Amino acid sequence: MSDLISKNPYKTRSGGCTCTVFVPYDCNNHCPFCINKKEYADTSTFSLEKIINSIKVIDSITPCCDFVFTGGEPLANLESLQRMLDVVPLTHKVYINTTFPVQPNVSADEVLSFVSSNKQKITCINISRHMHPYVEESPDELVSRIETRKRINCVLYKNYNGDDKLYDFAKRWGKYQIPIQFRYDYTETTPENLYEIDNDAVLQDLMRHFTYIGLDGCRMRNGFHFKYYIEELGLWERMTYHKTLPYSTIVEKDKEDGITYDILYDILIKQNGDFHSDWTNVPLDIEKYKKVKFEPYDLKFLYKNEKEWID
Ligand code: SF4
């Protein structure tokens with residue numbers, strides 16, 4: 001047993017931790033904020049079969065948890081992605097994090113048709129687009145043709161392109177009615193600055209350009225909700241600013257039973273099929289996870305401007 005695994009029993013929210021699956025194949029990009037890239041340098045231990053078995057194990061423990069497929073690039077190998085999706089029953093929500101890549105061997109229509117044929121299963125496709133184009137971007141119009149729910153994720157990394165470009169970036173997607181999630185660089189997030197408002201320069205930039213309508217959050221992460229008006233369409237669109245801690249376990253003593261638990265928010269299936277209980281290389285004790293205690297999810301609205309709110 002790894003020294004990194006604590007002796008504390010596990011606790012998680014009702015339904016189970018979100019399970020992030022790292023696909024066993026890479027992307028062609030080198031984003032400066034990427035912490036996954038180095039894991040794809042040596043693919044010798046990667047195993048699609050082991051990942052598939054691990055997905056089945058998690059499904060048997062928490063049959064309604066969320067799965068997130070990430071990488072690497074999930075859409076770079078459609079055949080393998082299909083095999084993984086095929087073992088995820090419809091009881092789960094499924095999210096795919098992708099750059100929606102331009103690929104030499106697969107046509108855009110093939111990728112769109114893959115998504116279409118799995119639309120019953122895919123809850124949302126999160127497409128990475130940034131103020132600096134770190135990745136080779138497929139045309140926006142192509143992204144707009146994705147048949148499932150979709151969202152643009154944009155990391156506001158270090159010197160992002162200036163506050164006056166934020167609104168233009170949002171409008172670029174707003175015209176297709178695709179919501180944006182701006183993301184704070186999570187390597188910089190701490191428990192102290194997670195809910196910081198006055199000293200968060202990015203948040204202050206956003207407050208100048210968008211209408212702030214609400215805040216939801218939990219111990220681990222939050223979302224500052226905004227809306228903005230798209231004149232060409234005569235409608236309002238949503239934008240969220242998301243902050244999360246760089247780890248996903250909180251150690252806390254339960255007030256009722258007096259036991260100290262590792263409260264897990266995210267678990268991972270790595271490229272070789274191994275289970276991890278955190279982003280920080282801590283293995284998951286799967287036998288202990290089978291006995292996980294559940295608590296109500298602590299994500300809740302902390303502020304909501306009912307007059308301005310849009311869904
Ligand atoms: S596209 Fe994703 S996996 Fe690839 S380098 Fe960028 S952040 Fe990392």
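In units of the compact-protein estimate 2.2 N^0.38 Å, the range 23-143 shows a Cα radius of gyration of 1.07.
So, R0 is 35 Å and r is the distance between the beta-carbons of E252 and I197; what FRET efficiency does that work out to, to 0.05? Between E252 and I197 the formula returns 0.90. The fewest-to-most ranking of C27, C124 by surrounding Cβ atoms within 10 Å reads C124, C27. Counting 0.36 nm for each residue step from T43 to E308 and taking away their Cα separation leaves a gain of 90.5 nm.
In the range 92-145 the Cα-Cα distances spread across 10 Å bins starting at 0 as 22, 54, 23, 1 percent of all pairs.
What the pair-distance distribution of the range 160-311 shows, using all Cα-Cα distances binned every 5 Å from zero, is 2, 8, 15, 16, 16, 13, 11, 9, 6, 3, 1, 0 percent.
Pairwise alpha-carbon distances in the chain exceed 36 Å for 18% of all pairs. The calculated FRET efficiency for W236 paired with N28, based on their beta-carbon distance and R0 = 30 Å, is about 0.25.
Close amide H partners of R183, meaning residues 5 or more places away or on another chain with modelled amide H under 5 Å apart, are C154, V155, L156, H242. Distance between the 7 Å Cα→Cβ label points at E110 and S60: 3.5 nm.
Mean Kyte-Doolittle of at least -0.5 and a Cα length of 18 Å or more along the axis: which whole DSSP H helices of the chain meet both? Those that clear 18 Å and a mean of -0.5 are 48-61.
Among M131, M239, a tally of other beta-carbon atoms within 10 Å of each Cβ gives an order, fewest to most, of M131, M239. Ranked for footprinting exposure by Cβ neighbours inside 10 Å, fewest first, S138, S116 give S116, S138.
Only the coordinates and a few stated rules stand behind these numbers; no lab work does. If you're wondering where the values come from, they're calculated on a predicted model, not measured in any experiment. So basically every Cβ, Gly included, is an ideal-geometry build from the backbone, and we count neighbours across all protein chains shown.
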